[in-house]
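All remarks here apply to the structure that follows.
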Amino acid sequence: MAVTRTGDWARARRLLAGGGARLKVAVSTALRQEGHALRKEVVQGITSQAPGGQPFKPLAPTTLAARQLKGGGGSKALIRRGDLRNSITVIASGDEVFVGILRKARGKGGASTANVAEIHEFGAGPFVVPMTPKMRRFLFAVLRRAGVERSSSGGGKGVVVIQIPARPFLRPAFDAFKKGARKRFLDRVARMMGWGV
């Protein structure tokens, strides 16, 4: 029986030569690239105030007033100094990529940005905080600046109740990024392998 070979066998040999090692490198590189693309999606979501296309609830007037009294500014949620946004990292290890905030990440003030991220992702409170005289003066200054009228009854209990609303920034970005992820990943691998995508 005679065998007839047709096609570009030289190209086939080139594509298959060292294919296993090249494929492993291509997969690893594509995973890292997808991780960095996801990080970019999360950071842009915070910057645009609409991760995954879901807008954040605007900051309360009292929060804005407190920022101004503390010498800060800005009206965007989750971006007072940029610590949270700058803490989002990508770590590739083997065939896995971590995109998020490491437990050991710290902001400029030394606070754990992972804890801050968790509070904002899921919300927190209510917390009942006993007020000191200094806190009371600051609270009244915040209320005045925010234009909030306070009751003149004087029936306060010397506490303030704090509720932090959820402002998810990871989950919506991850959900939006999942759309088309398989195709993007396979296209990246195919391009690196020279498979003409």
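Looking at the range 64-83 only, could you name the residues that are part of a helix (DSSP H, G or I) and farther than 14 Å from His120 by Cα? Leu64, Ala65, Ala66, Arg67, Gln68, Leu69, listed by residue number.
In summary, Ala12 fulfils each of the numbered conditions (1) farther than 30 Å from Val189 by Cα; (2) hydrophobic (A, V, I, L, M, F, W, C); (3) modelled with pLDDT under 90; (4) open to solvent by less than 50 Å² (accessible area, probe 1.4 Å) with the single exception of condition (1). In the range 10-26, the residues that are among the aliphatic types (A, V, I, L, M) form Cβ pairs under 9 Å with partners that are at pLDDT 75 or above and not in a helix (DSSP H, G or I), at six or more places apart or across chains, as follows: Leu15/Gly194; Leu15/Trp195. What residue, among those in the range 73-84 that are farther than 14 Å from Ala111 by Cβ and open to solvent by 60 Å² or more (accessible area, probe 1.4 Å), is modelled with the lowest pLDDT? Across the range 73-84, the extreme among qualifying residues is Ser75. Any chance the range 103-119 includes a residue that's touching a residue at least 40 places away in the same chain (Cβ under 8 Å), touching a Leu at 6+ places or on another chain (Cβ under 7 Å) and closer than 22 Å to Leu64 by Cα? Yes, some residue in the range 103-119 is touching a residue at least 40 places away in the same chain (Cβ under 8 Å), touching a Leu at 6+ places or on another chain (Cβ under 7 Å) and closer than 22 Å to Leu64 by Cα. Quick one: count up the residues across the range 33-67 that are touching a residue at least 60 places away in the same chain (Cβ under 8 Å) and surrounded by 15 or more Cβ atoms within 10 Å (Cβ to Cβ). So the answer is 18.
Residues in the range 180-197 that are basic (Lys, Arg) and surrounded by fewer than 18 Cβ atoms within 10 Å (Cβ to Cβ): Arg182, Lys183, Arg184, Arg191.
A single member of Gly52, Gly45 is of a type outside the set (D, E, K, R), in contact with an Asp or Glu (Cβ under 7 Å, 6 or more places away or on another chain) and under 30 Å from Met192 (Cβ atoms), and it is Gly52.
Is one or more of the residues making up the range 118-137 under 17 Å from Asp83 (Cβ atoms) and of a type in the set (S, T, N, Q)? The answer is no, given that none of the residues of the range 118-137 is under 17 Å from Asp83 (Cβ atoms) and of a type in the set (S, T, N, Q).
The values are calculated or read from the model by the stated rules, or taken from the named source; none is laboratory data. The model shown is predicted, which means the values in this text are computed figures rather than measured ones. Backbone-built Cβ (ideal geometry, glycine too); neighbour counts: all protein chains shown. Please note that ligands, DNA and RNA were not included when accessible areas were found on the heavy atoms of the full protein model with its side chains. Shrake-Rupley method; radii C 1.70, N 1.55, O 1.52, S 1.80 Å.
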